[in-house]
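The values are calculated or read from the model by the stated rules, or taken from the named source; none is laboratory data. No experiment lies behind these values; they were computed from the predicted model shown. Don't worry about glycine lacking a Cβ; one is built from the backbone with ideal geometry, like all the others, and counts go over all protein chains shown.
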Amino acid sequence: MKLKFFVVLIATIATLDWQACAQTRMVQGKIYNWNDHAWTVFNCNMTVKMRIGNVLICQPYIEKTVHYGVTKADADRNSKVVRQDYGSLIGLINYGDTYVGADIYGPVRAIRIAETNSSFDVKIDNQVITSGDSIYRKTVSYTLYDVGVPYTRPMTPEEKIAFEKRSFIANSNAVIWLQSEATNGSVSAQCSLGLHYLNGQGCETNKELAVYWLTQAANQGDIEASNKLEWIRSQKN
């Protein structure tokens with residue numbers, strides 16, 4: 001397992017500079033870097049009070065330790081942590097799927113959208129409350145924030161060529177290292193080397209060498225190699 005992890009690490013290290021773009025998010029059609037000053041950072045925790053459509057209505061809170069007792073000694077021994085609402089309600093969109101009553105732990109980064117309010121039918125036991133022909137409705141006011149969604153800028157043709165070149169070099173180095181380990185009898189290296197030859201990763205596709213190294217690994221009990229050999233045989237039919 002450690003060997004396969006090392007191979008994956010070698011093969012993907014060329015992508016690290018590109019993956020830095022994962023810190024970029026799209027909010028309301030605009031692109032924001034993670035260190036953009038437009039972000040509001042909520043360092044407090046909050047509780048999801050309700051969900052209205054795709055908006056989570058949350059109440060920020062702080063926790064305080066309260067001591068109680070007749071004497072100071074009693075107060076030192078008896079204490080409890082209580083929650084205290086902190087600030088106004090906020091609405092979060094694109095935070096993710098969570099349930100009413102759940103806690104959201106800070107820090108949470110979001111872009112402020114607008115002051116708004118929402119109305120909803122009042123229900124008890126999932127039944128709408130009515131008075132005559134009227135339905136009781138409640139309105140809540142809150143500040144709406146958008147957490148955004150991950151955004152990775154598409155590569156330019158030049159960047160794509162450079163990326164593919166770095167990936168090939170990384171995979172080529174992995175094949176060289178695997179060849180040495182596989183020759184010395186490492187089962188995991190034999191299986192990984194066979195897969196590299198099969199898929200043409202860091203080397204020319206060579207089915208004969210792929211089957212050879214997968215067979216070496218399978219003969220030593222490697223399940224993945226055995227399954228891959230079965231798949232290769234099934235493609236001949």
Among (1) modelled with pLDDT of 85 or more; (2) touching an Asp or Glu at 6+ places or on another chain (Cβ under 9 Å); (3) surrounded by 12 or more Cβ atoms within 10 Å (Cβ to Cβ) - the single one residue 18 does not satisfy: (1)
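Could you check the range 151-169 and list, in sequence order, the residues that are part of a helix (DSSP H, G or I) and either closer than 30 Å to residue 29 by Cβ or not assigned by TED's automatic domain parsing to the domain that holds residue 196 (or both)? Full working, then the answer.
Kept after step one, since they are part of a helix (DSSP H, G or I), are these residues of the range 151-169: 157-169.
Correct list: 157, 158, 159, 160, 161, 162, 163.
Let's see how each residue does on (1) over 27 Å from the mean Cα position of the chain (by Cα); (2) modelled with pLDDT under 90:
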{"residue": "144", "(1), (2)": "no, no"}
{"residue": "151", "(1), (2)": "no, yes"}
{"residue": "155", "(1), (2)": "no, yes"}
{"residue": "159", "(1), (2)": "no, yes"}
{"residue": "172", "(1), (2)": "yes, yes"}
{"residue": "182", "(1), (2)": "yes, no"}
{"residue": "185", "(1), (2)": "yes, no"}
{"residue": "190", "(1), (2)": "yes, no"}
{"residue": "193", "(1), (2)": "yes, no"}
The range 23-37: number of residues that are modelled with pLDDT of 90 or more and either among the polar types (S, T, N, Q) or touching an Asp or Glu at 6+ places or on another chain (Cβ under 8 Å) (or both): 2
Selection within the range 56-110 - out of contact with any Ser or Thr (no Cβ under 7 Å at 6 or more places or on another chain), of a type in the set (Ser, Thr, Tyr) and touching a residue at least 40 places away in the same chain (Cβ under 8 Å): 86, 95, 98, 99, 105
Close pairs from the range 16-38: first under 11 Å from residue 149 (Cβ atoms), partner at pLDDT 90 or above and of a type in the set (Phe, Trp, Tyr), Cβ under 6 Å, at least 6 apart: 25/32
Yes/no for residue 75 being assigned by TED's automatic domain parsing to the domain that holds residue 104 and modelled with pLDDT under 90: yes
